Amino acid sequence: MDNIQRFMNYLLDPEAVNTDFKNPLWSLGVEYSPIPDSPRPQIAPRPQTASMHQTVSSAQSKLSSYLANASSVLRKPSPSPDHSVSNGQAIPDVREPLNLPWPSAFVENIGSKLYMTYRTDFPLIPRTSNGPSFIRVGSLLRGQINDKAGYTSDVGWGCMVRSGQTLLANTMIALRNTKPGSTAEKKIISWFADDPQAPFSIQNFVHHGWLACGKQPGEWFGPSAAARCMQITCSTFKEPNLRVYIGGDAGDVYEDSFMRVSGGPGDFKPTLVLLGIRLGIEKITPVYYEALKFCLQIPQSVGIAGGRPSSSHYFFGHQNNNFFYFDPHYPRKALPYRTDYESYTDDEIATVHTRRVRSIRVEDMDPSMLIGFLIRDMDDWKDWISRVESFQGRKFIHISKSEPMFGHGNSINTDGYVDLGLQKRRRSVLGENDSEDFEHIFALPEDDDDNGVQELESDDEGEPNRKSHQDDEDAEFDKCAT
């Protein structure tokens, strides 16, 4: 019965309900009490003819009614000494689920984050001659039909890009400590508009995914390709003052290579650490549950991209074994690029925010994911290392002084989807004219400064197996992503 309920939740995607009043809520390193806000009876303005006694009686009646309804649902016995209080607040011992509002501070936190989704009717991303078909099952079921010449929507293939954009955007929000609706937030939003002029647009992700990873337009990204594109775009566009370090296989972080990327003690620049992790074969191995929660509890956390079978979400928090996420599989009209970012309308800004609470059980998550941490300065780096090394439990993040001499430790090929740094493969997967047409339409500048970009190891020998695996993943995605 429990499995049937989970399957229905997967299909219907109902909003998560607040039924756990014992375990704290976590959101990118911030802890919230699970206790709903205290009920505040709404007292109508007192009519001129009403007495004070009548007004107070009315309020008392409303409050009594609220408490009576709650009591009938809770059916609680006397609280035990072990579970009677949390942070000084009474905890109801729930026998049957009680659907109460989420704490307002937690909902406000969700609403302050940026949320990137599928978009439609954006400037054309040209299709390569031997690339994926412009007709996708997921697109058709959502009523989206792409042009034969290319893609004007990323429905059906862009969810990992959108999850990666969300992780990167919220890293910049955290770095600048911006507030919703502020000028600084609008500026960041403009950087992620659906236009080639925007430095972190889907067009630029696709462009760099093609050049660096051999991912053709319309092809689904894996966590590694998303990480590499984040690294390249941050290197190309300097204004965010953010560098990106990509960890090695199996969660390895090497201090010497990290220092080369960040600038080191004398010239440290804020650096986003990205770890491509696979924590199991088909499901996350239970021994890693606590370590995964830990990643969302420390102050350097900026979220997780991936983690949903045959699709990708952005995870920002958890409550016990329930992980909270943003779902990019909701098409919206393309976000225009504006040099005057103050001219964004309220409706346009609203498309990159949500207060909807969604959650998934950790045992239902996919084991392949991209985990992000923002290191602001040397003190933050030392604090992050201390927290990671002092974690009590089965770890999947391993910090070493230097890279192994026998090869590059930062070649992240663990997800089986992509091969990184393959400039030489660019012509082999595309027609001779595809390169010129693609670059002409995008007119992107060459990256003349590789400062802060790692040299990643290439590995062509495993390409046939990875391509076969990718074909299977694409087919499965088309069946399930809808």
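The values are calculated or read from the model by the stated rules, or taken from the named source; none is laboratory data. Everything numeric in this text was worked out from a predicted model, so none of it was measured. A quick note on method: Cβ atoms are made from the backbone with ideal geometry, for glycine too, and the neighbour counts reach across all protein chains shown.
Just to be sure I understand, how many residues within the stretch 286-309 are of a type outside the set (A, V, I, L, M) and under 21 Å from E389 (Cβ atoms)? So the count comes out to 10.
Screening D256 against (1) closer than 22 Å to C229 by Cα; (2) surrounded by fewer than 21 Cβ atoms within 10 Å (Cβ to Cβ) leaves a single unmet condition, (1). Here the stretch 284-333 is the region considered, the condition is being of a type in the set (S, T, Y) and assigned to a loop (DSSP other than H, G, I, E, B), and the residue that is farthest from A250 (Cα to Cα) is Y330.
Number of residues in the stretch 171-208 that are under 21 Å from A227 (Cα atoms) and assigned to a loop (DSSP other than H, G, I, E, B) equals 10. Counting only residues that are free of Cβ contacts under 8 Å to residues at least 40 places away in the same chain and under 17 Å from P328 (Cβ atoms), the stretch 190-208 holds 1 of them.
Applying the criterion of being crowded, with 19+ Cβ neighbours inside 10 Å and either at pLDDT below 95 or among the aliphatic types (A, V, I, L, M) (or both) to the residues of the stretch 368-397, the residue that is farthest from W102 (Cα to Cα) is I397. The set of residues in the stretch 231-248 that are of a type in the set (G, A, S) and surrounded by 24 or more Cβ atoms within 10 Å (Cβ to Cβ) comprises G247, G248.
For the stretch 356-383, how many residues meet the condition of being over 22 Å from H318 (Cα atoms), touching a Phe, Trp or Tyr at 6+ places or on another chain (Cβ under 7 Å) and charged (D, E, K, R)? Qualifying residue count for the region: 1. Taking the condition more than 21 Å from Y118 (Cα to Cα), in contact (Cβ under 8 Å) with a residue 24 or more places away in the chain, over 16 Å from the mean Cα position of the chain (by Cα) and not in a loop (DSSP other than H, G, I, E, B), does A212 pass? So A212 fits the description; yes. Of all residues in the stretch 249-283 being of a type in the set (S, T, N, Q) and part of a helix (DSSP H, G or I), which is farthest from G303 (Cα to Cα)? The selected residue is S257. Would you call Y337 in a loop (DSSP other than H, G, I, E, B), surrounded by fewer than 22 Cβ atoms within 10 Å (Cβ to Cβ) and in contact with a Ser or Thr (Cβ under 6 Å, 6 or more places away or on another chain)? Judged against the criteria, Y337 is not a match.
Screening the stretch 159-198 for residues that are hydroxyl-bearing (S, T, Y) and touching a Gly at 6+ places or on another chain (Cβ under 7 Å) and picking the one that is nearest to L272 (Cα to Cα) gives T171. Tell me, yes or no, whether the stretch 304-314 has at least one residue that is surrounded by fewer than 24 Cβ atoms within 10 Å (Cβ to Cβ) and free of Cβ contacts under 8 Å to residues at least 24 places away in the same chain. Checking the stretch 304-314: not a single residue is surrounded by fewer than 24 Cβ atoms within 10 Å (Cβ to Cβ) and free of Cβ contacts under 8 Å to residues at least 24 places away in the same chain.
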